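Here's the structure, in structure tokens; my notes come after.
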Amino acid sequence: MDWDPAFTGRNAILATLNGLIPAAADHWPSATELNRQLADRLPVRFIDDDEFNKLGCYYEQAVARGLVPTRPANWHDFFGALIWYLFPRTKALLNRLHMADIAAHGARQRTPRRDRVTHFDECGLVLAVTGGEEITALLREHDWQGLFLHHRARWGRDWQPFVFGHALYEQALAPFVGLTGKCVVLEMEPAFFALAPADRQARLDIRLAERLEQDALFDRPRPLLPLPLLGIPGWWPANEAPAFYQNRDYFRPRRNR
């Protein structure tokens, strides 16, 4: 897909980046340009393919050195750089988890924990909420009517979604029915929801990293809850009609185990 400097105007999902990232240039940004725009406050530097190949190591090992391989003219890696900018503490934590397993089992062996970390890294969604037990129960039961219709007024107020997975942003360039995030519910203090966007983002990163580390979330099987992104009020025009939520292929009922 070609570069689009107005990508945040494509839809409400991508519009969540407005005001949080530097203005887009009129061309694909190189690793050098991303460093100039983003990395001044980060613990990492973005590097191109040539520099990465010279390292002779795996991706996670490069990141552990503070070097993030970033392919040119690539939406996936571009959004990956933006997530580093928005969630530096959490991204650094995820790589430390990878490196701990690499030290124990080798770089070629994908442990279950590394698979879970990667799943969140690619497709993660964070729900900052008050009343976390209530929304968690709705998600676990796949009660989409309760989540998106009965509690509709809470979305954007004290239930606020934040994209973490850079693959979700890439998919949002051309949204499709089926687009689903894997979410972590994060209980936040009421004052959080009144913060300015940049302050809210910084606080979210701190709290998310603390939660993931303290709870050892990725040591557990199935730690993430599925959430159909196009069902989030305000994120997709078609969901203004209640009938949108009748699509059981997308809003799937919970399977009995």
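The values are calculated or read from the model by the stated rules, or taken from the named source; none is laboratory data. These figures come from a predicted structure and were not determined experimentally. Using ideal geometry, Cβ is built from the backbone for each residue, glycine included, and neighbour counts are taken over all protein chains shown.
Within the range 229-243, residues that are at positive phi and among the hydroxyl-bearing types (Ser, Thr, Tyr) have Cβ atoms under 7 Å from residues that are surrounded by 20 or more Cβ atoms within 10 Å (Cβ to Cβ) and in a loop (DSSP other than H, G, I, E, B) in no pair, counting only partners at least 6 apart in sequence or on another chain. Is one or more of the residues making up the range 136-149 among the small types (Gly, Ala, Ser), touching a Leu at 6+ places or on another chain (Cβ under 7 Å) and free of Cβ contacts under 8 Å to residues at least 60 places away in the same chain? Within the range 136-149, one or more residues are among the small types (Gly, Ala, Ser), touching a Leu at 6+ places or on another chain (Cβ under 7 Å) and free of Cβ contacts under 8 Å to residues at least 60 places away in the same chain.
Put simply, of Phe218, Phe193 the only residue that is in a helix (DSSP H, G or I) and over 21 Å from Arg114 (Cβ atoms) is Phe193. Here Phe46, Phe78 are screened, and the one residue that is at pLDDT 95 or above, aromatic (Phe, Trp, Tyr), assigned to a helix (DSSP H, G or I) and surrounded by 19 or more Cβ atoms within 10 Å (Cβ to Cβ) is Phe78. Considering Arg41, Arg65, Arg45, Arg71, which residue is of a type in the set (Lys, Arg) and touching a residue at least 40 places away in the same chain (Cβ under 8 Å)? Answer to the check: Arg41.
Just to be sure, is Phe244 closer than 28 Å to Arg10 by Cα and either part of a helix (DSSP H, G or I) or hydrophobic (A, V, I, L, M, F, W, C) (or both)? Yes; evaluated as a whole, the condition is true for this residue. Among the residues of the range 82-102, is there at least one that is under 21 Å from Ile206 (Cβ atoms), buried (at least 19 other Cβ atoms within 10 Å of the Cβ) and at pLDDT below 95? Checked against the condition, which is being under 21 Å from Ile206 (Cβ atoms), buried (at least 19 other Cβ atoms within 10 Å of the Cβ) and at pLDDT below 95, the range 82-102 yields no hits at all. Only one of the listed residues (Asn18, Asn35) is farther than 30 Å from Gln109 by Cβ, over 19 Å from the mean Cα position of the chain (by Cα) and free of Cβ contacts under 8 Å to residues at least 60 places away in the same chain. That residue is Asn35. Against the numbered list (1) aliphatic (A, V, I, L, M); (2) touching a residue at least 60 places away in the same chain (Cβ under 8 Å); (3) in the same structural domain as Ile21 (by TED's automatic domain parsing); (4) not in a helix (DSSP H, G or I), Leu127 comes up short only at (3).
So, in the range 14-32, of the ones that are of a type in the set (Gly, Ala, Ser) and in a loop (DSSP other than H, G, I, E, B), which residue ends up farthest from Phe52 (Cα to Cα)? Among residues in the range 14-32 that are of a type in the set (Gly, Ala, Ser) and in a loop (DSSP other than H, G, I, E, B), the one farthest from Phe52 (Cα to Cα) is Gly19. Scanning the range 168-207 for residues that are charged (D, E, K, R) and buried (at least 16 other Cβ atoms within 10 Å of the Cβ) gives Glu170, Lys182, Glu187, Arg200, Arg203, Asp205, Arg207.
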